[in-house]
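Peer 1: Sharing a structure below in structure tokens format, with a few things to ask.
The values are calculated or read from the model by the stated rules, or taken from the named source; none is laboratory data. What you are looking at is a predicted structure, and each value in this text was computed from that prediction instead of being measured. No Cβ is skipped: glycine too gets one built from the backbone with ideal geometry, and neighbour counts run over all protein chains shown. The accessibility values were calculated without ligands, DNA or RNA, using every heavy atom of the protein model including side chains. Shrake-Rupley method; radii C 1.70, N 1.55, O 1.52, S 1.80 Å.
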Amino acid sequence: MKLILSPSTDPAFNLALEQYVFDHMDRSQEYFMLWQNKNTIVIGKNQNAFAEVHHKIAREKGITVVRRLSGGGAVYHDLGNINFTFILDAKNATQLDLHLFCQPIVELLQSLGVPAELNGRNDITIEGKKFSGNSQYLKQGRIMHHGTLMFASDLSVVADVLNVSSDKFHSKATKSVKSRVTNIAPYLTSPLSLEQFKALIIKHIMKTDQAEPYVFSAQDLAMIQKIKEERYDTYAWNYGYSPSCDIVKKRYFDQCGMVEIHMNCSDGLIQDLVFFGDFFSLKSPEILAKMLIGAPLEQQALTKILKNVQISDFFHNMNQDIFLSYLLESE
């Protein structure tokens with residue numbers, strides 16, 4: 001496994017770096033990457049940037065918003081947070097398996113006396129409080145898994161800047177984002193600096209304390225910069241297309257996540273359709289939306305169109321019956 005340590009704390013650069021490793025570097029190799037971002041919100045590929053972030057607060061605090069390639073929910077990064085990424089061939093994998101890549105992190109933390117455990121779809125928690133959100137991107141037999149590790153982040157900023165829907169949480173005793181998240185540092189049995197913690201992560205994953213990081217060439221860096229400028233620096237990618245719709249639905253589904261539908265209909269036909277949410281997907285929901293444009297908003301017609309479509313490819317852990325019921329229901 002090759003070790004990659006990002007030379008930058010620019011979130012757009014780091015997401016471009018991930019994509020460069022995924023798309024362009026030798027796929028016979030496996031890669032482990034550690035990186036940090038200065039203050040930013042990273043949203044999932046399928047999310048509505050306008051709905052997920054308190055933009056006035058973000059502007060006041062100098063927090064940027066960047067969209068990643070993978071699904072899942074919005075996460076806050078600052079220099080008290082460490083991000084990790086695994087990139088490797090998925091071999092015969094056709095489904096997302098987030099726990100597989102989280103387990104080594106849990107094992108390391110438990111060896112340091114931290115009572116970490118896997119929880120829910122994609123979280124690692126301590127005493128029920130989240131400190132790590134994880135997501136995956138699967139394409140052409142290649143998998144990218146990335147996660148956050150809140151070591152000493154400013155939790156008050158997380159609470160202020162993220163707009164978390166109450167539908168996502170069922171506990172009436174839970175009052176704020178801050179009460180649901182935590183940092184790793186307070187739970188360590190022996191204090192560690194962030195740099196010492198990073199060194200332990202590298203040693204644990206690479207199985208040596210002598211791992212040498214990959215050195216990027218000038219050509220590598222030029223290609224990464226090109227990806228950054230063409231995608232992650234652009235308004236079109238980070239904020240995306242959101243039509244003015246007359247039907248808007250939003251619901252949280254267990255084991256799937258939040259699914260938001262924006263739809264325009266005329267004469268009983270779907271004229272415009274966009275899906276947002278923190279769900280995971282193997283295929284872009286834009287593909288599904290295009291299948292349904294022009295279709296009657298009616299059970300029999302939609303069932304026929306979707307006869308050979310695997311809905312779980314677009315909304316992980318959702319089946320066709322649940323999807324159609326949600327699409328057709330009146331708000």
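Peer 1: Tally the residues that are outside any loop (DSSP other than H, G, I, E, B) and of a type in the set (Gly, Ala, Ser), restricting the search to segment 290-331. Even if it seems obvious, please write down each step before you answer.
Peer 2: Restricting attention to segment 290-331, the residues satisfying the condition of being outside any loop (DSSP other than H, G, I, E, B) are 290-292, 296, 299-305, 311-313, 320-328.
Next cut, of a type in the set (Gly, Ala, Ser) only: 301, 312, 325.
The qualifying residues number 3.
Peer 1: Please pick out the residue among LEU108, LEU112 that is in contact with a Leu (Cβ under 6 Å, 6 or more places away or on another chain) and either closer than 19 Å to MET206 by Cβ or among the β-branched types (Val, Ile, Thr) (or both).
Peer 2: Exactly one of LEU108, LEU112 is in contact with a Leu (Cβ under 6 Å, 6 or more places away or on another chain) and either closer than 19 Å to MET206 by Cβ or among the β-branched types (Val, Ile, Thr) (or both), namely LEU112.
Peer 1: I'd like the full set of residues that are in contact (Cβ under 8 Å) with a residue 60 or more places away in the chain and among the basic types (Lys, Arg), limited to segment 6-44.
Peer 2: ARG27, the sole residue that qualifies.
Peer 1: In segment 119-136, which residues are part of a strand (DSSP E or B), open to solvent by less than 40 Å² (accessible area, probe 1.4 Å) and over 14 Å from ILE184 (Cβ atoms)?
Peer 2: Answer for segment 119-136, where residues must be part of a strand (DSSP E or B), open to solvent by less than 40 Å² (accessible area, probe 1.4 Å) and over 14 Å from ILE184 (Cβ atoms): ASN134, SER135, GLN136.
Peer 1: So how many residues does segment 88-142 have that are under 22 Å from PHE197 (Cα atoms) and among the basic types (Lys, Arg)?
Peer 2: Final tally of qualifying residues: 2.
Peer 1: Moving on to the next point. Within segment 264-284, restricting attention to residues that are hydroxyl-bearing (Ser, Thr, Tyr) and modelled with pLDDT of 90 or more, which residue is nearest to ASN238 (Cα to Cα)?
Peer 2: By that ranking, first place goes to SER284.
Peer 1: Separate question: Provide a single number: the residues in segment 137-161 that are outside any strand (DSSP E or B) and open to solvent by 20 Å² or more (accessible area, probe 1.4 Å). Walk me through it before giving the result.
Peer 2: Of the residues in segment 137-161, the ones outside any strand (DSSP E or B) are 140-141, 151-161.
From what is left, the residues that are open to solvent by 20 Å² or more (accessible area, probe 1.4 Å) are 140-141, 152, 154-156, 159-160.
Number satisfying all stated conditions: 8.
Peer 1: If we keep just the residues of segment 264-284 that are of a type in the set (Asp, Glu) and open to solvent by less than 50 Å² (accessible area, probe 1.4 Å), which is farthest from ILE43 (Cα to Cα)?
Peer 2: Looking at residues that are of a type in the set (Asp, Glu) and open to solvent by less than 50 Å² (accessible area, probe 1.4 Å), I get ASP272.
Peer 1: Provide a single number: the residues in segment 308-322 that are surrounded by 15 or more Cβ atoms within 10 Å (Cβ to Cβ) and closer than 21 Å to SER70 by Cβ. Walk me through it before giving the result.
Peer 2: Here is the first cut: in segment 308-322, the residues surrounded by 15 or more Cβ atoms within 10 Å (Cβ to Cβ) are 309, 311-318, 320, 322.
Filter again for closer than 21 Å to SER70 by Cβ, leaving 311-318.
Number of matching residues: 8.
Peer 1: Sticking with this one: Might you let me know whether segment 224-237 holds any residue that is surrounded by fewer than 15 Cβ atoms within 10 Å (Cβ to Cβ), over 29 Å from ASP23 (Cα atoms) and of a type in the set (Gly, Ala, Ser)?
Peer 2: The answer is no; no qualifying residue exists.
Peer 1: Here is a list of conditions, (1) exposed (fewer than 14 other Cβ atoms within 10 Å of the Cβ); (2) modelled with pLDDT under 95; (3) not aromatic (Phe, Trp, Tyr), and ARG180 meets all of them except one; can you say which number that is?
Peer 2: (1)
Peer 1: Quick one: which residue in ILE305, ILE287, ILE261, ILE293 is on the phi < 0 side of the Ramachandran plot, at pLDDT 90 or above and open to solvent by less than 50 Å² (accessible area, probe 1.4 Å)?
Peer 2: Going through ILE305, ILE287, ILE261, ILE293 in turn, just one is on the phi < 0 side of the Ramachandran plot, at pLDDT 90 or above and open to solvent by less than 50 Å² (accessible area, probe 1.4 Å): ILE261.
Peer 1: Residue check, VAL53 against (1) over 19 Å from GLN136 (Cβ atoms); (2) open to solvent by 20 Å² or more (accessible area, probe 1.4 Å), all met but one. Which one?
Peer 2: (2)
Peer 1: Oh, and also: Please count how many residues of segment 207-245 are in contact with a His (Cβ under 9 Å, 6 or more places away or on another chain) and modelled with pLDDT under 95.
Peer 2: Within segment 207-245, residues that are in contact with a His (Cβ under 9 Å, 6 or more places away or on another chain) and modelled with pLDDT under 95 number 4.
Peer 1: Could you please give the count of residues in segment 102-113 that are over 19 Å from the mean Cα position of the chain (by Cα) and buried (at least 20 other Cβ atoms within 10 Å of the Cβ)?
Peer 2: Result for segment 102-113: 1.
Peer 1: Another question, then. If I filter segment 207-221 for residues that are within 15 Å of LEU5 (Cα to Cα), without any contact (Cβ under 8 Å) to a residue 12 or more places away in the chain, part of a helix (DSSP H, G or I) and open to solvent by 50 Å² or more (accessible area, probe 1.4 Å), do I get at least one hit?
Peer 2: yes
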